[in-house]
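The values are calculated or read from the model by the stated rules, or taken from the named source; none is laboratory data. Just so you know, these numbers come straight off a predicted model, no measurement behind them. Glycine gets a Cβ as well: all are built from the backbone with ideal geometry, and neighbour counts include every protein chain shown. Note: areas computed on protein heavy atoms with side chains; ligands, DNA, RNA excluded. Shrake-Rupley method; radii C 1.70, N 1.55, O 1.52, S 1.80 Å.
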Amino acid sequence: MGPRIRALVIKEFLALLRDKVARMTLIVPPLLQLIIFGYAATFNIRDIPYAVYNQDGGAASHELLARFQGSPVFLQRAVLTAERQIAPVIDDKRVLLVIHIGPQFSRDLLAHRPARVQVIIDGRNSNTAALAGNYVNQVVQAFDTEWAAAHGWQVPPAQLVVRSWFNPDLLSRWFIVPGIVGLLTLVVTLLTTGLSVARERESGTFDQLLVTPLASVEILIGKSIPGFVIGLIEATAILAAAVFWFDVPFTGSLWALYLGVFVFLLSGIGIGLMISSISVTQQQGTLGVFLFMVPAVILSGFATPIANMPLAVQYLTYLDPLRYFLVILRGTFLQGDGASVLGSQYAGLAALALASMTLAAWLFRHRMA
Amino acid sequence: MNGMRLRGLIRKEFLQIVRDPSAIAIAVALPIFLLLLFGYGVSLNARRVPLALVAPYSPQAQELLGGFDRSPYFVPHRYATMAAAKSALGRRRVDGIVWLRSDFGRRMLAQGNAGIGVFVNGVDANNAGLLEAYIRGVWLGWLSRQAQDQGSTLSVPVTVEQRIWFNAALRSRNYLVPGLIAIIMTLIGALLTAQVVSREWERGTMEALMATPVSMGDILLSKLIPYFVLGMAGMALSVVMAVWLFAVPLRGSLLVLFSASGLFMLVALGMGLLISTVAKNQFISATIAIVATFLPAFILSGFIFDLNSMPVPIRLLTHIVAARYFVAILQTVFGAGDVWPVVLANAAALCAMAAFFLGLTWRLSRKRLD
């Protein structure tokens, strides 16, 4: 690195870190957010509030309901005594579901006739409703298996034996926390680089920078390095917190992960510099960072799978660096991936990095005037 | 407060908006763009999941595999060996494997307890759970067809009869789109006002304003009213798109919907004004705006992650996220109707937050006059 770039890098670091508040905003919020979001962002539902409307006094219905009371997933909130009480408890969100057992339940079962349980679920949040429905089915199936064995019912000729790989207990935290690593790394990188050129333009130092012997490529390199270093340090801190605080298992190759971090930071910086080169004021820079970041997060597969999107939107996600990085993070964390499996992800990130850097340099030169 | 002075200020603010159309673009074009992108892009309904089938030929196996071919949820891929299927799963070509051993048909006829191996990629735990439920559905359908062929019915002791209220088809768009409206309005409220006060300070026009007889309350109101009008226009557009484009049923009344939106708009604008008044440097205000608005509205509002499942300290924390109350109102008014206990409790919280943010902004800006 030449002495000129070194001087510029030192100046950039000073500009970013001189102010105490700015220093704090770079360090505290990402770590705080990792902790808060790591606990908050889960698709595993527990303590599902439910109400019981049992018209059957028999032992079989009590046995079935005891399984719900004993489950950590369910939490009994109310006992109903009439049909008309069902609608209000669901409408007001006091319970998510009502288990309704008809008067014939125990009699049917003891007479070897199939019995029915009606479950009414609040479908306002359809994902929670689907998950709660699955849990109800699991409890009832466990009851069925035992009842069938104890009372001589015929068993089905073939049973499903389900096993889930890479995440045996299906903890959604293992999926979300590596995702948050990617999310926060992107935010930090975009914020440090996205406003850097506009800041010079606004404070009038941009012209001074131009009359120095620095070439425009050198200026861009000088502006990239602090973002890269800060991003790398923050990514490492967040990764460590994911492993040591949240106990997400890291099963893959650390080299494969850091190769991913490296190209991801490059592409993030490229996009940040691009935004920075277009914007004249910091306000425009902020808006640009926002306008890129929000879709980049929502369409990255962070919370909702890319495979569920319409085809046109799926193609659009190829422009999103977070999309590739999330695959690398989840692959190296959970699937034990090495670099060889992730080749296409690196290629995608590298292509984005190259394109955005080139475009940033071009924009920088053409908006200098 | 003086009506004529306020009118004059509002006129000035409107002129500024009209001359620099970026605010109109934020209020009108941005919701359209974001709602289009996310309304189509965000879905939790898995369809056409790639699934590996490893099964040697037998009549019983063919029956079962046919169930996967006919299901709209799967795109089956046949693999000859388990090793090939495992490698496909590792490379994310398929999301799950259904494995029948070579003696499947024989065991089924002989002992009646053949095992069907199902392996799912658990990395995306939510998706894996849904996949498992779909596979179970195909299995149950196959069992009852088998029983029918033998002239009997599938008899299990207890069957669950599920009734899903408000959204029988479990269309995730019906609750995600109303939630998205809350997120988009949070963003727009903050983006619209986050810079309007600091801009006056930076350009030195705040001092000019202060030299006039207008009060600080007049100045803040004049900032609030035009952006409120713009924000509500964006809100109306979003509702129109949700109902007409995304076919989300609106079961509640428009009056409740827009009253709640107006309240929320006050909170969002108040938050933006507060950031704008407090932050001295635009880098910090940008960071605060992102940290305080978009990410909490996305993760802590109940938009996608269930609030009841969060640990208690986090659940308490969500009470300071304004979007949480608006998401609850929107999901209820769209999905269920005007359920007063839900609407009133959340509206009261929004009122309190609006009063807090606007009051704090007013106090802080008064101090600056000294």
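Report the Cα centroid-to-centroid distance between region A:242-296 and region B:144-167 in angstrom, as an integer. Value for the Cα centre distance between the two parts: 50 Å. Pick out which of B:LEU37, B:LEU230, B:LEU300 has the largest mean-square fluctuation in a Gaussian network model of chain B, springs linking Cα atoms closer than 10 Å. Highest fluctuation among the options: B:LEU37. Taking 0.36 nm per residue of separation and subtracting the Cα-Cα distance, full extension of the segment from A:TRP245 to A:ARG94 would add 51.0 nm. Assuming a ≥ b ≥ c are the square roots of the Cα gyration tensor eigenvalues, decide whether region A:78-193 counts as rounded (a/c under 1.5), prolate (otherwise, with a/b larger than b/c) or oblate. It comes out oblate by the Cα gyration axes. Determine the percent antiparallel among the DSSP beta bridges restricted to the protein assembly as shown, to the nearest 5. Of those bridges, close to 20 percent are antiparallel. Positive contributions from Lys and Arg (+1) and negative ones from Asp and Glu (-1), summed over other residues with Cβ under 13 Å from the Cβ of B:ARG171, come out at +3. Under 5 Å from the amide H of A:GLY336 lie the amide H atoms of A:THR251, A:GLY252, each residue being 5 or more positions distant or on a separate chain, with H modelled from the backbone and absent for Pro and chain starts. Where both bridge residues fall in chain A, DSSP classifies roughly 35% of the beta bridges as antiparallel. Helices in chain A, meaning DSSP H runs of at least 4 residues, each add -39500 (n - 2.57). Divided by all residues, the mean residue ellipticity at 222 nm is -21000 deg cm²/dmol. Put simply, chains A and B cover up around 9600 Å² of each other's accessible surface, both sides summed, when a 1.4 Å probe is used.
The stretch between B:SER259 and B:ALA83 holds 57.4 nm of extra length on full extension. This uses 0.36 nm per residue minus the Cα-Cα distance.
In chain B, taking the dipole from charged Cβ atoms about the Cα centre, the farthest positive-side position among B:VAL312, B:ILE188, B:VAL120 is held by B:ILE188.
Going by average Cβ neighbours within 10 Å, how do the peptides A:319-329, A:10-20 rank, with the highest at the top?
The most tightly packed comes first, giving A:319-329, A:10-20.
In this label model, B:ALA233 and B:ARG91 are separated by 5.4 nm, measuring between points 7 Å along each Cα→Cβ vector.
State the percentage of accessible surface on chain B attributable to carbon and sulfur atoms; use a 1.4 Å probe and exclude ligands, DNA and RNA. Ligands and nucleic acids excluded, carbon and sulfur give 62 percent. When DSSP beta bridges are restricted to pairs lying wholly in region A:48-150, around 35% turn out antiparallel. A Cβ-based charge dipole, computed about the Cα centre of region A:48-150 with Lys and Arg at +1 and Asp and Glu at -1, lands at about 160 debye. Centre-to-centre, using Cα atoms only, region A:183-230 and region B:219-273 are separated by 37 Å. Taking a ≥ b ≥ c as the square roots of the eigenvalues of the alpha-carbon gyration tensor, the protein assembly as shown is classed oblate because a/c is 1.5 or more while a/b is no larger than b/c. Relative to the dominant Cα principal axis of chain A, helix A:3-17 is inclined by about 50°. The angle between the Cα long axis of helix A:282-298 and the main principal axis of chain A comes to about 30°, on a 0 to 90 degree scale.
Name the most mobile residue of B:GLN60, B:GLN162, B:GLN16, meaning the one with the largest mean-square fluctuation, in a Gaussian network model of chain B with Cα contacts below 10 Å. Ranking B:GLN60, B:GLN162, B:GLN16 by mean-square fluctuation puts B:GLN162 first.
Among the residues of A:304-316, the average count of other protein chain beta-carbon atoms within 10 Å of the residue beta-carbon is 5. When the alpha carbon gyration tensor of chain A is reduced to an equivalent ellipsoid, its three semi-axes come out at 56, 21, 17 angstrom, largest first. Around A:SER267, with a cut-off of 13 angstrom between Cβ atoms, what is the net charge of the other residues, counting Lys and Arg +1 and Asp and Glu -1? Within the 13 Å Cβ shell, the charges total 0. Extending 7 Å from Cα along the Cβ direction at B:ASN308 and again at A:LEU354 yields two label points whose distance is 5.2 nm. Taking a ≥ b ≥ c as the square roots of the eigenvalues of the Cα gyration tensor, region A:1-75 is classed as prolate, since a/c reaches at least 1.5 and a/b is larger than b/c. Taking every lysine pair in the protein assembly as shown that is 8 or more places apart or spans two chains, those with Cα atoms closer than 21 Å amount to 8. Solvent-accessible surface, computed for protein heavy atoms with a probe of 1.4 Å, shrinks by 40 Å² or more for the following residues of region B:31-54 when the other protein chains are added to the isolated chain: B:LEU37, B:PHE38, B:TYR40, B:GLY41, B:SER43, B:LEU44. In this structure, B:LEU15 and A:PHE13 have a Cβ-Cβ separation that, at R0 = 41 Å, corresponds to a calculated FRET efficiency of about 0.45. Among the trypsin sites (Lys or Arg not before Pro) within region B:13-51, those in coil by DSSP and having at most 14 neighbouring Cβ atoms inside 10 Å are B:ARG47, B:ARG48. For chain A, find the longest principal axis of its Cα atoms and tell me its angle to the long axis of helix A:321-330, 0 to 90°, nearest 10. Roughly 50 degrees between the two axes. Karplus-derived 3J(HN,Hα) values for region A:55-66, using 6.51 cos²θ - 1.76 cosθ + 1.60 with θ = phi - 60°, are 8, 10, x, x, 5, 4, 5, 5, 5, 5, 5, 4 Hz; glycine and proline are entered as x.
For B:HIS77, nonlocal amide neighbours, meaning residues 5 or more places apart or on other chains whose placed amide H falls under 5 Å from its own, are B:LEU51, B:ALA52, B:LEU53.
Using the Cα atoms as the points, what is the convex hull volume per residue of region B:49-149 in Å³?
Looking at region B:49-149, the number lands at 90 Å³ per residue.
Placing dummy labels 7 Å off each Cα toward the beta-carbon, the span from A:ALA142 to A:GLN85 is 2.7 nm.
Which net charge results when you count Lys and Arg as +1 and Asp and Glu as -1 among the other residues whose beta-carbon is under 13 Å from that of B:VAL54? Residues near B:VAL54 contribute +3 overall. The calculated pair-distance distribution of region B:81-220 uses every alpha carbon pair, bins of 5 angstrom beginning at 0, and gives 2, 7, 8, 11, 10, 10, 8, 7, 5, 4, 4, 5, 4, 4, 3, 3, 2, 1, 1, 0 percent. Could you name every residue in region A:263-292 that has 30 Å² or more less accessible surface in the full protein assembly than in its own chain alone (probe 1.4 Å, ligands and nucleic acids excluded)? Buried-area filter returns A:GLN282, A:GLN283, A:THR286, A:LEU287, A:PHE290, A:LEU291. Of all complete DSSP H helices in chain B, those with a Cα span along the helix axis of 18 Å or greater and a mean Kyte-Doolittle hydropathy of 0.0 or more are B:173-193, B:216-244, B:254-278, B:322-335, B:340-369. Given the options B:SER172, B:SER301, B:SER152, state which has the largest fluctuation in a GNM of chain B using a 10 Å cut-off (strictly under) for Cα springs. Sorting by GNM fluctuation, first place goes to B:SER152. Counting only Cβ charges, +1 for Lys and Arg and -1 for Asp and Glu, the dipole size of the protein assembly as shown around its Cα centre is about 960 debye.
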